[in-house]
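A short reminder: the numbers here are calculations on the coordinates, not readings from a lab. Just so we're clear, the structure is a prediction, and the values are computed from it rather than from any experiment. Counting neighbours? That spans all protein chains shown, and the Cβs are built from the backbone with ideal geometry, glycine included.
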Amino acid sequence: MSFAQTILSRKTGVIHGRFQILHNDHMAYLLAGKDECEHLVVGITNPDPSQTAKDDTDPERSDSRANPLSYFERLLLVKCALVDAGLGEADFSVTPLPINFPEHYSAYVPMQATFFLTIYDQWGRRKLEYFHSLGLTTKVLWERSPETKGISGSHIRQAMAVGQPWEHLVPESTAVLCKAWGLPEKLRTELARN
């Protein structure tokens with residue numbers, strides 16, 4: 001069987017996130033999604049400013065300060081962390097996913113897949129509404145209160161900016177890449193300017 005036939009015959013799932021900094025709880029989420037399918041399509045949301053829209057349920061998600069990494073940098077974070085976690089490169093794909101624009105999903109992800117998500121707040125419920133409005137097959141991996149969410153990218157970005165320890169909250173490859181890109185220094189400089 002060719003590689004193309006193998007990919008087409010696999011049960012596919014779609015999962016998504018901004019991954020503005022990929023952390024250990026993101027990894028638990030990604031791997032839980034992978035446990036549900038044979039091929040996992042990871043949609044990176046807010047891929048660029050033109051594909052990012054404000055949403056009243058979580059207005060900070062679209063703020064440029066909450067999105068310091070480019071799409072390509074986040075693609076590398078996801079790929080490196082999933083391979084380091086034991087997935088083969090044929091087990092997953094990474095693509096942009098403009099989450100605020102459901103009318104564009106079909107240009108990026110397989111619409112016949114199962115769409116996985118977690119729910120912590122109104123933003124999670126809004127995304128489920130988007131999926132249902134398109135008639136997509138969905139599976140909520142878990143629903144928890146905001147207080148029990150765990151690690152957040154904003155917490156890690158803040159720790160980087162003020163020089164607190166953060167490396168233990170992220171996969172090793174994420175720490176290596178963020179340091180190589182000078183992200184803690186960039187965030188520190190931005191904090192000092194504001």
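Full-extension gain between His168 and Phe101, please, as 0.36 nm times their residue separation minus the C-alpha to C-alpha distance. Separation in residues times 0.36 nm, less the Cα-Cα distance, equals 20.7 nm.
Rounded, prolate or oblate: pick one for the range 84-143, where a ≥ b ≥ c are the square roots of the eigenvalues of its C-alpha gyration tensor, a/c under 1.5 means rounded, and failing that, prolate if a/b is larger than b/c, else oblate. Can you show the working numbers first?
Numbers: a/c = 1.99, a/b = 1.32, b/c = 1.50.
Oblate, because a/c is 1.5 or more while a/b does not exceed b/c.
The convex hull defined by the C-alpha atoms of the chain has an orientation-averaged projected area of 11.2 nm².
Using a cut-off of 21 Å between Cα atoms, the listed pairs Lys79/Lys127; Lys11/Lys139; Lys149/Lys179; Lys11/Lys34 include Lys79/Lys127; Lys149/Lys179 as exceeding that distance. For the Cα atoms of the chain, what angle does the longest principal axis make with the long axis of helix 183-193, in degrees from 0 to 90, nearest 10? Rounded to the nearest ten degrees, it is 50.
In plain terms, the residue of Val170, Val140 with the fewest other Cβ atoms within 10 Å comes first and the most crowded comes last, giving Val140, Val170.
Any chance you could run the full-extension gain for Lys186 through Ala66? It's 0.36 nm times the residue separation minus the Cα-Cα distance, nm to one decimal.
41.9 nm
In the chain, the longest principal axis of the Cα atoms and the axis of helix 122-133 are about 20 degrees apart.
By counting other Cβ atoms within 10 Å of each Cβ, how are Phe131, Phe101, Phe115 ranked from fewest to most?
Result, fewest neighbours first: Phe101, Phe131, Phe115.
Cα axis of helix 71-84 to longest principal axis of the chain: angle in degrees, 0 to 90, nearest 10? It works out to around 70 degrees. Estimated from the Cβ-Cβ distance and a Förster radius of 30 angstrom, the FRET efficiency linking Trp142 and Lys179 is about 0.45.
So what's the back-of-envelope 222 nm ellipticity for the chain, counting only DSSP H runs of four-plus at -39500 (n - 2.57) apiece and dividing by all residues, rounded to 500?
Only helices count here, giving -11500 deg cm²/dmol.
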